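Here, each number is a calculation from the coordinates, and none is a lab measurement. All of these numbers come straight from a predicted model, not from anything done at the bench. Neighbour counts are summed over all protein chains in view; Cβ atoms, including those assigned to glycine, are modelled from backbone coordinates with ideal geometry.
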Amino acid sequence: MPLELDSPAFQRSGPLDPRFSAAGGNLDPPLAWTGAPRRTRPFGLIAEDPDAPLRPFVHWLTWGIAGHLGSLPEGIAPHARVARQGRNDWGALGRGGPKPPAGFRLYALDGTLGPACEVARADLEAGVLDDAALTAKFWRSA
């Protein structure tokens, strides 16, 4: 079974509730996944805006999510023990909610990524066993 990523807070490619955006409460949405490869040690997650003008804009970079977990709760604090969080493209630790559309990509990792305080997207993608994507749309009202 392939890795699948979903959220109980929004439908795939559906609208993102404003409370999960920079225009609202800026909360991390709850995420859930199934079908992880048996060799998965940790998971890593990137939330980004693929439509940014110059390159994908990273809203959230997190790793070290225990391989036995199948979900992340809503509203994870930047220093929560459930995962290590890197700096987003605004330069802040943790997640910064989207203003444009955003996509989440979950990575099942082989465990070669160390516990460094900061990792780059390329570091996260190096030890991938499988990955799954989930996209939400967000429109600002005028």
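Values as computed for the structure displayed
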{"item": "Segments 41-49, 103-111, 79-87 sorted - mean Cβ within 10 Å per residue, highest first", "result": "41-49, 103-111, 79-87"}
{"item": "Label-point separation, R12 to R55 (7 Å along Cα→Cβ), nm", "result": "2.9"}
{"item": "Structure-based [θ]222 nm, the chain - -39500 (n - 2.57) summed over DSSP H runs of at least 4, per residue, nearest 500", "result": "-1000 deg cm²/dmol"}
{"item": "Interchain or long-range residues, amide H under 5 Å from L16's placed H", "result": "K137, F138, W139"}
{"item": "Alpha-carbon Rg/Rh ratio, for the range 4-136, with Rh computed the Kirkwood way", "result": "0.93"}
